[in-house]
Amino acid sequence: MALLEVENVTKRFGGIVALDGVSFAAEPGEIVGLIGPNGAGKTTAFNVITRLYTPDAGDVRFEGKSLLGVPPSGVVRRGIARTFQNVELFRGMSVLDNVRVGAHARRGEQTPEDLLYYVNLHSLRYRPAAELPYGTQKRVELARALASAPRLLLLDEPAGGLSHEEVEHLGTFIKRMRDDYELTVLLVEHHMGLVMSTADRVHVLDFGRKIAEGTPAEVRGDKNVIEAYLGAEA
Ligand SMILES: Nc1ncnc2c1ncn2[C@@H]1O[C@H](COP(=O)(O)OP(=O)(O)OP(=O)(O)O)[C@@H](O)[C@H]1O
Ligand SMILES: [Mg+2]
């Protein structure tokens with residue numbers, strides 16, 4: 001059984017159909033890429049899965065059970081964690097306290113201090129989060145997400161704002177996290193190099209609709225995908 005099943009989800013904002021009957025699934029242990037031009041509906045999909053938004057139609061199931069009756073805190077308790085497109089840390093709080101917040105609703109065997117060693121930030125644990133460079137803040141967010149011992153980790157543009165070297169390291173690190181913590185990962189990303197080198201399968205959205213799915217190589221060569229990205233640049 002798939003760990004996550006998004007089934008025929010529609011989400012409207014007034015006249016905008018941000019998601020239009022979108023379905024995709026993630027199997028245990030997979031890294032699933034979710035790509036598409038700006039405004040395609042990727043972050044909306046994350047917000048529906050984490051129950052910040054209620055879909056107008058469709059269902060989201062985790063371990064076979066619908067999440068639609070579950071509040072956002074309950075989603076964390078079931079084992080889903082995320083990072084945000086624009087880093088959302090408690091800016092005045094220390095790095096360590098930010099990671100402790102992640103362990104509030106659910107925790108694993110590793111302490112927040114352990115997780116800071118894992119993301120190589122232990123020496124900065126007492127620094128206010130806002131003082132750190134953007135790429136470092138993104139690692140704090142990763143540690144905070146891991147602090148709730150997730151089974152499913154949603155990453156919304158983890159490469160956004162990172163340097164070339166940081167992105168190269170990130171790809172390796174996402175796979176290492178998947179292996180070390182037995183995660184399933186949903187990866188929203190514009191950085192195609194990262195998606196192609198990291199994802200096992202990729203789903204492509206455009207204007208709220210799913211236009212393609214397959215291996216990274218399959219979607220890269222897909223006519224509809226190429227047109228969607230060219231259209232977005234025009
Ligand atoms: N809370 C909201 N209220 C109104 N419209 C929204 C809201 N959230 C998203 N939208 C709209 O839904 C559509 C999909 O937005 P979404 O943020 O999901 O796109 P995205 O694929 O994440 O894009 P990007 O790559 O730029 O982050 C856009 O037209 C956006 O303006
Ligand atoms: Mg987005």
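A quick yes/no check of all residues on (1) within 13 Å of ligand 1 (Cβ to nearest atom); (2) of a type in the set (Phe, Trp, Tyr); (3) free of Cβ contacts under 8 Å to residues at least 40 places away in the same chain:
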| site | (1), (2), (3) |
| --- | --- |
| PRO150 | no, no, no |
| ASP156 | yes, no, no |
| LEU162 | no, no, yes |
| HIS169 | no, no, yes |
| MET177 | no, no, yes |
| HIS190 | yes, no, no |
| LEU194 | no, no, yes |
| VAL202 | no, no, no |
| ASP206 | yes, no, no |
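Please work out if GLU165 is among the charged types (D, E, K, R), in a helix (DSSP H, G or I) and within 29 Å of VAL17 (Cβ to Cβ).
In short, no.
With respect to being touching a Lys or Arg at 6+ places or on another chain (Cβ under 8 Å), in a helix (DSSP H, G or I), at pLDDT 95 or above and away from ligand 1 (no atom under 16 Å from the Cβ), VAL140 falls outside the description.
Of the residues making up the range 122-137, those that are more than 21 Å from the chain's Cα centre (by Cα) and either surrounded by 15 or more Cβ atoms within 10 Å (Cβ to Cβ) or modelled with pLDDT under 95 (or both) number 6. Answer with yes or no whether PHE46 is more than 16 Å from ligand 2 (Cβ to nearest atom), of a type outside the set (A, V, I, L, M) and within 17 Å of the chain's Cα centre (by Cα). Spelling it out, it is not the case that PHE46 is more than 16 Å from ligand 2 (Cβ to nearest atom), of a type outside the set (A, V, I, L, M) and within 17 Å of the chain's Cα centre (by Cα). Anything in the range 85-116 that is within 22 Å of the chain's Cα centre (by Cα), loosely packed, with under 15 Cβ neighbours inside 10 Å and outside any loop (DSSP other than H, G, I, E, B)? List them, or say none. Answer for the range 85-116, where residues must be within 22 Å of the chain's Cα centre (by Cα), loosely packed, with under 15 Cβ neighbours inside 10 Å and outside any loop (DSSP other than H, G, I, E, B): there is none. A single entry from GLU218, GLU168, GLU227, GLU189 fulfils the requirement of being surrounded by fewer than 17 Cβ atoms within 10 Å (Cβ to Cβ) and either within 20 Å of GLY41 (Cα to Cα) or touching a Ser or Thr at 6+ places or on another chain (Cβ under 6 Å) (or both): GLU227.
Test VAL22 against the stated conditions and say whether it is more than 24 Å from VAL87 (Cβ to Cβ), near ligand 1 (Cβ under 10 Å from one of its atoms) and in a strand (DSSP E or B).
When the stated conditions are applied, VAL22 does not pass them.
In the range 35-57, the residues that are part of a loop (DSSP other than H, G, I, E, B) form Cβ pairs under 9 Å with partners that are within 9 Å of ligand 1 (Cβ to nearest atom) and hydroxyl-bearing (Ser, Thr, Tyr), at six or more places apart or across chains, as follows: TYR53/THR44.
The values are calculated or read from the model by the stated rules, or taken from the named source; none is laboratory data. Not measured: the values here are computed from a predicted model. Backbone-built Cβ (ideal geometry, glycine too); neighbour counts: all protein chains shown.
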